[in-house]
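See structure below.
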Amino acid sequence: MNRKTCVRNALLNATACVALALAACASPTRSAEAPRDPNSGFLRQYAETNRFRNGRVNAVTITPDGSKVLFLRSGPRDRVQNLYEWDVANRVERVLLTADRLLGSAEETLTPEEKARRERARQTARGIASFELSKDGTRLLVPLSGRLFVVALADGAITEIRPQAKDAPAPLDARFSPDASKVAFVRAGELWVTEIDSGAEQRLSPPAAPDLSHGDAEFVAQEEMGRSRGYWWSPDSAALVYQTTDTSKVESVYISDPLNPFVPAKSWKYPRAGTTNATVTLSAVAVPGGTPVPLEWDREMFPYLTGVKWDKQRSLFVTVQNRLQTEVRVLRFDPGTGRSTLLLSETDPAWVNLDQQMPHVSDDLPGYFWTTEGAGWTDLEWRMDPGNDRRLVVGGEINYRTLVKVDPRRRETLVVAGQDPTQAHLYSVEYREGDMVPTCLTCAWPGVHGATVSKDGSTLVLTTQPERGGVTTRVFQRAPGERGLGTPAGEIASAAERPPVEPRIEWTTVKGEAEWHAAVVRPSWFTPGRKLPVLCSVYTGPTAQTVQRFADRTSLEQWLADQGFIVVLIDNRGTPGRGRAWERLTHRNLIDLQLNDQTAVLRLLGERYPEMDMSHVGVYGWSFGGYYAAMAACRRPDAYKAACAGAPVTDWADYDTHYTERYMGLPNENTDGYRIGNVITWVKDLKSPLLLIHGSADDNVYFTHSLKLMEAALRQGVSEHIEFLPLAGQTHVVVEPEVVERMYTRMARFFQERLAAKTPAP
């Protein structure tokens, strides 16, 4: 349930989408029969195009001199990605590398460890799934099918890094040294380094042992902290810092294949709320080898390692966090001695949100950058060390989101931020006579924007998810010293297919006890005078918004609307993007305020739009959204007459430590919160029909959550209200086209039958 990626890849992608404003009808009547669905072939296309994501430009990387843009792209209906090069001067692209060229006739295979890493990153592509450009821009590192390839960018020459032992396990998380002469990687829980030209390899960490590994990030770091790394190169390529992970006291969870009971179950280390976490330590080691130097801190008080960064002076910023996540400390280490000093401490009585970009150190500026919510909003600050004198870069009403580039030569910092929480824009913050002056570069184009900039600042690639139409990737060139976007230099083409019907969207706000953002999607065939049942597409959790001003990910909501519904999305209090106070209101109780806000806003929307039949309302969601849908069916049958819960957390005591305890605290210190937040507490009250969907191989929200709910419903005598659709062998991210298509068909028919919608699903 990672805050940046869980919802983005959730099975029932709930995103901001609503129809164009329609004239109100004084006395609308229930439609007897809806017109033929214009989206009749949608589900097959949706499934085969991976929700219209296949074919998009991704992993944009620019060479240091700004002359070339590298990116990955697949075809519209396959997941096999190729590596492309876009020439900025000539505005042409070419295929730079393919999996077939690297593997020849060999089949692509993935180890279980690589599959697990990709699941944590919500990565579903095959072929060239990732690459790294060396710091000097001369070499590419491409991991593929358990092998490592180094490609010279100038002539395309390929060197495979081969292990000295023929039966050596596959490498994981390979990374160039900053000087591009070596590659480090993790092999079977050990940290190794290989010299590219000679092929000489060396193990730098101690040997791995059962429940003891070196160089790889533990589960909660990858899933919940946004930290996938377990080792870090020094800027001079002369040393590495790596973590050692001891999982001997962490509970084991077993996943078996119910379709093939003859295969042994797989074991995973998974720390549930209130149980023992992995023990993580840090060591620094010289390259090509030596005695590791331990980096010690108070791990009893601060057990979580959340980040490691080197600065240009070859000292280390190590960020640690206490168990309840109410304090984050940044320690500055001397890697030669292991000694540290406290650089800063960030505290919050509820929890401190992590920012994996921070602290950010510029090669050309003193001090470092840091984000804080101390003033109520997310502010980006430039801090001077020593003394920690602060200068606000951007924040306050312009709520900071992401740092794009610090460019002292242009006296500019580029950030993604926004005053409207439903949008994200690129800002240029100019250093002017000691002040920071922000200018919005994309506010003329409503939507959600992001950017990548070359090291020399000459090339900027802007990715835009607009409020209408598909994702665009535009290239801009900037003259020396020029700030802002620069001069348009062309657009990198997307191969993604477009939905047969563009979503009809109306974004709105609703005022009551608070002011909420909401969205409504009406059928493409809708005309005033109709009265239709309502479907609420929800997430409601503390890590993501659903109401964002871009339509590209709302195609499923439009298809559902075309089946005879009005689809509604609401961001309740507790969701991000609205400031610290708004987000922390759900601390220690993850359901009561959500139920209050969602149903209150739903009622107000029903009063505003007479076409909404408030006597026939359904709700659906996945992951946290599935949790809300299951709770809504049990606790608010007055508001919701049917619910579909996908992969729901039913008992927070069975979810992982880092996510759950951040919002709920420890189970033994918040017994009421865990009891109130447990779906099984309320299952006795289940009256609304509930469609329950869950993948049996889910290693994020384990299959046991839905099984426990079914078992409790049986014992309480309410199991007749539940339809259970188990997805054998599917994980938290369901990608198999046939399963995706059939699952959504089942869901649509469920709601049509329960809410008396008239348009048949295909």
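The values are calculated or read from the model by the stated rules, or taken from the named source; none is laboratory data. Values in this document were obtained by computation on a predicted structure and should not be read as measured data. In this analysis, Cβ positions are derived from the backbone assuming ideal geometry, glycine residues included, and neighbour counts consider all displayed protein chains.
Structure data summary
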{"quantity": "Which numbered condition Glu661 misses (of (1) acidic (Asp, Glu); (2) touching a helix residue (DSSP H, G or I) at 6+ places or on another chain (Cβ under 6 Å); (3) under 30 Å from Pro303 (Cα atoms))", "calculated": "(2)"}
{"quantity": "Restricting segment 46-81 to residues that are touching a Pro at 6+ places or on another chain (Cβ under 7 Å) and part of a helix (DSSP H, G or I), the residue that is farthest from Gln558 (Cα to Cα)", "calculated": "Glu48"}
{"quantity": "The lone exception for Gly490 - which of (1) touching a Gly at 6+ places or on another chain (Cβ under 6 Å); (2) closer than 16 Å to Leu70 by Cα it fails", "calculated": "(1)"}
{"quantity": "Residue ranges of strands (runs of 3 or more DSSP E) in segment 271-379 with at least 3 members more than 21 Å from Leu392 (Cα to Cα)", "calculated": "279-286, 293-295, 304-310, 316-321, 327-333, 340-347"}
{"quantity": "Checklist (1) buried (at least 23 other Cβ atoms within 10 Å of the Cβ); (2) in contact with a Lys or Arg (Cβ under 7 Å, 6 or more places away or on another chain); (3) under 24 Å from Asp348 (Cβ atoms) applied to Leu593, failing item", "calculated": "(1)"}
{"quantity": "Count of segment 456-478 residues which are farther than 28 Å from Arg51 by Cα and out of contact with any strand residue (DSSP E or B) (no Cβ under 8 Å at 6 or more places or on another chain)", "calculated": "1"}
{"quantity": "Complete set of residues in segment 552-562 that are within 30 Å of Leu585 (Cα to Cα), of a type outside the set (S, T, N, Q) and surrounded by 24 or more Cβ atoms within 10 Å (Cβ to Cβ)", "calculated": "Glu557"}
{"quantity": "First in segment 514-528 and hydroxyl-bearing (Ser, Thr, Tyr), second anywhere and assigned to a loop (DSSP other than H, G, I, E, B), Cβ under 7 Å, 6 or more apart", "calculated": "Ser524/Pro38; Ser524/Val501; Ser524/Arg504"}
{"quantity": "Subset of segment 288-341 (residues that are among the hydroxyl-bearing types (Ser, Thr, Tyr) and buried (at least 16 other Cβ atoms within 10 Å of the Cβ))", "calculated": "Tyr304, Thr306, Ser315, Thr319, Thr326, Ser340"}
{"quantity": "Selection count where residues are on the phi < 0 side of the Ramachandran plot, within 29 Å of the chain's Cα centre (by Cα) and of a type in the set (Gly, Ala, Ser), scope segment 129-188", "calculated": "7"}
{"quantity": "Filter result for the condition that a residue is farther than 25 Å from Thr463 by Cα, in contact (Cβ under 8 Å) with a residue 60 or more places away in the chain, crowded, with 16+ Cβ neighbours inside 10 Å and not β-branched (Val, Ile, Thr), over Trp351, Trp382", "calculated": "Trp351"}
{"quantity": "Considering residues of segment 454-475 that are crowded, with 21+ Cβ neighbours inside 10 Å and touching a Leu at 6+ places or on another chain (Cβ under 8 Å) only, the residue nearest to Thr554 (Cα to Cα)", "calculated": "Thr473"}
{"quantity": "Answer residue from segment 487-506, given it is assigned to a strand (DSSP E or B) and touching a Lys or Arg at 6+ places or on another chain (Cβ under 6 Å) and is surrounded by the fewest Cβ atoms within 10 Å (Cβ to Cβ) among those", "calculated": "Glu491"}
{"quantity": "Selection count, segment 626-669, where residues are closer than 20 Å to Ala713 by Cα and not hydroxyl-bearing (Ser, Thr, Tyr)", "calculated": "24"}
{"quantity": "Among the candidates Glu113, Glu119, Glu107, residue that is in contact with a His (Cβ under 8 Å, 6 or more places away or on another chain) and either more than 25 Å from Glu497 (Cα to Cα) or at pLDDT below 90 (or both)", "calculated": "Glu119"}
{"quantity": "Count - residues of segment 48-77 that are touching a Phe, Trp or Tyr at 6+ places or on another chain (Cβ under 8 Å) and modelled with pLDDT under 95", "calculated": "1"}
{"quantity": "Qualifying position, being within 25 Å of the chain's Cα centre (by Cα), of a type outside the set (A, V, I, L, M) and at pLDDT below 95, among Arg573, Arg549, Arg584", "calculated": "Arg549"}
{"quantity": "Only listed residue being among the hydrophobic types (A, V, I, L, M, F, W, C) and outside any helix (DSSP H, G or I), chosen from Phe724, Phe751", "calculated": "Phe724"}
{"quantity": "Qualifying positions in segment 266-297 - among the small types (Gly, Ala, Ser), modelled with pLDDT of 95 or more and farther than 19 Å from Asp334 by Cα", "calculated": "Ala273, Gly274, Ala278"}
{"quantity": "Test: residue in segment 642-655 that is surrounded by fewer than 23 Cβ atoms within 10 Å (Cβ to Cβ) and in a helix (DSSP H, G or I)", "calculated": "yes"}
{"quantity": "Segment 430-446, residues that are assigned to a strand (DSSP E or B) and not aliphatic (A, V, I, L, M)", "calculated": "Glu430, Tyr431, Arg432, Asp435, Pro438, Thr439, Cys440"}
{"quantity": "Qualifying residue in segment 173-181 (condition: modelled with pLDDT of 95 or more, assigned to a loop (DSSP other than H, G, I, E, B), of a type in the set (D, E, K, R) and touching a Ser or Thr at 6+ places or on another chain (Cβ under 7 Å))", "calculated": "yes"}
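Matching residues to (1) in contact with a strand residue (DSSP E or B) (Cβ under 8 Å, 6 or more places away or on another chain); (2) surrounded by fewer than 16 Cβ atoms within 10 Å (Cβ to Cβ); (3) within 24 Å of Phe52 (Cβ to Cβ); (4) β-branched (Val, Ile, Thr):
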{"residue": "Ile693", "(1), (2), (3), (4)": "yes, no, yes, yes"}
{"residue": "Ala697", "(1), (2), (3), (4)": "yes, no, no, no"}
{"residue": "Glu711", "(1), (2), (3), (4)": "no, yes, no, no"}
{"residue": "His732", "(1), (2), (3), (4)": "yes, no, yes, no"}
{"residue": "Glu738", "(1), (2), (3), (4)": "no, yes, yes, no"}
{"residue": "Ala748", "(1), (2), (3), (4)": "no, no, yes, no"}
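Okay, residues lined up against (1) surrounded by fewer than 24 Cβ atoms within 10 Å (Cβ to Cβ); (2) not charged (D, E, K, R):
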| site | (1), (2) |
| --- | --- |
| Gln545 | yes, yes |
| Phe550 | no, yes |
| Gly564 | no, yes |
| Arg573 | yes, no |
| Pro576 | yes, yes |
| Gly579 | yes, yes |
| Arg588 | yes, no |
